[in-house]
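Below is one structure, written out as structure tokens, with a few remarks after it.
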Amino acid sequence: MATLTNAPALRRKARRERLRTLGFLSPWLVGFTVFFGYPLIATVYFSFMHYNQIKAPTFVGLRNWRYVLEQMPLFGPAMWNTLWLVVVMVALRVVFGLGIGLLATKVKSGVGFFRTAFYLPYLAPPVAATVAFVFLLNPGTGPVNDILGSIGIHAPNWFNDPAWAKPSLVLLSLWGIGDLMVIFMAALLDVPKEQYEAADLDGAGAFHKFRYVTWPSITPIVMFAVVTGVVQTMQYYTQALVAGKLASGVSIGPGSVIQPGYPDHSTLTVPQLVYSLGFQNFNTGAACVLSLVLFAIAMAVTTLLMRKRAGLLSADD
């Protein structure tokens with residue numbers, strides 16, 4: 001009888017608990033719905049519509065999908081460039097960031113200057129950093145080619161050469177490696193010193209200490225760097241667009257239409273193609289299809305990396 005009498009009170013208490021939980025979750029739920037859920041649903045909706053942002057959208061079925069996947073000439077180069085940057089840029093940034101982080105933890109004198117020198121380029125705004133880098137690598141007036149020529153090295157045309165445009169963007173990303181340096185430096189300093197001392201007693205060399213002591217401890221941080229790097233590089237837009245336009249020498253003014261990808265579409269990425277379709281050609285349906293394809297690839301790659309059998313996480317992490 002006592003249990004039956006307290007049942008309404010227990011239900012009210014459980015309801016209050018649920019409402020309290022929803023209250024704490026409400027900021028995240030509102031943000032998720034407004035900034036992710038609704039845009040994703042709208043993107044799927046417009047991918048089946050013909051919509052020029054002026055007239056009302058009309059249903060066209062799979063026409064936009066067939067156009068993007070079968071008929072669009074720039075889809076292949078843009079996807080190739082994006083995936084190339086994901087593989088090469090992310091891998092080199094992780095390796096280079098880890099190497100700089102290791103050096104920063106080993107330097108005994110001038111460590112403050114060393115860390116500041118590598119971190120400061122990361123603070124530069126992307127447009128300003130790209131402008132400066134294009135100027136430094138300018139084949140005609142840039143100081144880098146002058147220095148290489150003075151020591152007898154034939155300098156490439158960098159951003160003006162289709163074969164060197166993407167590697168030049170990778171160099172730009174390595175120049176701003178300060179964010180990964182700080183992350184890896186913090187992870188390396190967090191490795192217990194007792195493990196290094198035990199490895200010294202066992203006669204382990206530098207390679208074996210890194211392989212069996214350092215690497216297992218920083219593996220979760222490496223996973224974080226790889227996953228965030230993949231997501232960011234899949235959205236690579238500003239640096240490629242600015243570098244291509246500056247290298248092409250085309251003046252950018254009010255009302256000018258920017259055709260990305262210079263030279264020969266070698267720096268064209270999928271986000272640039274989405275912007276060009278959606279806001280220059282007003283083909284919203286095709287732009288939404290490209291966005292969904294990019295989203296699906298990013299989710300697939302991230303899921304693959306997050307699986308334990310990807311080799312970045314051990315079973316205990």
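Quick notes on this one:
- Some residue of region 150-165 being touching a residue at least 12 places away in the same chain (Cβ under 8 Å), under 26 Å from Ala78 (Cβ atoms) and acidic (Asp, Glu): yes
- In summary, Ser109 fulfils each of the numbered conditions (1) open to solvent by 70 Å² or more (accessible area, probe 1.4 Å); (2) farther than 17 Å from Ala186 by Cα; (3) at pLDDT 90 or above with the single exception of condition (3).
- Residue among Tyr122, Tyr67 that is open to solvent by 50 Å² or more (accessible area, probe 1.4 Å) and under 20 Å from the mean Cα position of the chain (by Cα): Tyr122
- Residue check, Phe75 of a type outside the set (Val, Ile, Thr) and open to solvent by 80 Å² or more (accessible area, probe 1.4 Å): no
- Within region 101-141, the set of residues being assigned to a helix (DSSP H, G or I) and under 21 Å from Tyr262 (Cβ atoms) comprises Pro126, Val127, Ala128, Ala129, Thr130, Val131, Ala132, Phe133, Val134, Phe135, Leu136.
- Counting only helices (runs of 4 or more DSSP H) that sit completely within region 142-229, those holding 3 or more residues that are more than 18 Å from Tyr122 (Cβ to Cβ) correspond to 143-150, 162-175, 193-201, 206-209.
- Of the listed requirements (1) on the phi > 0 side of the Ramachandran plot; (2) at pLDDT 90 or above; (3) of a type outside the set (D, E, K, R), Gly249 misses just one: (2).
- Within region 1-46, the residues that satisfy the criterion of being open to solvent by less than 70 Å² (accessible area, probe 1.4 Å) and either under 24 Å from Trp65 (Cα atoms) or polar (S, T, N, Q) (or both) are Ser26, Gly37, Pro39, Leu40, Ala42, Thr43, Val44, Phe46.
- Test: Ile54 is of a type in the set (A, V, I, L, M) and in a loop (DSSP other than H, G, I, E, B): yes
- Restricting attention to region 260-311 and to residues that are farther than 26 Å from Asn160 by Cβ, without any contact (Cβ under 8 Å) to a residue 60 or more places away in the chain and not in a helix (DSSP H, G or I), the residue that is least open to solvent (accessible area, probe 1.4 Å) turns out to be Gly311.
- Hey, Thr214 open to solvent by less than 60 Å² (accessible area, probe 1.4 Å), out of contact with any helix residue (DSSP H, G or I) (no Cβ under 8 Å at 6 or more places or on another chain) and under 16 Å from Ile183 (Cβ atoms) or not: no
- Residues of region 47-64 that turn out to be surrounded by 12 or more Cβ atoms within 10 Å (Cβ to Cβ) and among the small types (Gly, Ala, Ser), as a count: 1
- Here Asn81 clears all of (1) at pLDDT below 95; (2) within 23 Å of Val226 (Cβ to Cβ); (3) polar (S, T, N, Q) except the condition numbered (1).
The values are calculated or read from the model by the stated rules, or taken from the named source; none is laboratory data. Fair warning: this is a prediction, and the values are worked out from it, not measured in the lab. Note: ideal-geometry Cβ built from the backbone for every residue, glycine included; neighbour counts use all protein chains shown. In case anyone asks, the SASA skips ligands and DNA or RNA and just uses the protein heavy atoms, side chains included. Shrake-Rupley method; radii C 1.70, N 1.55, O 1.52, S 1.80 Å.
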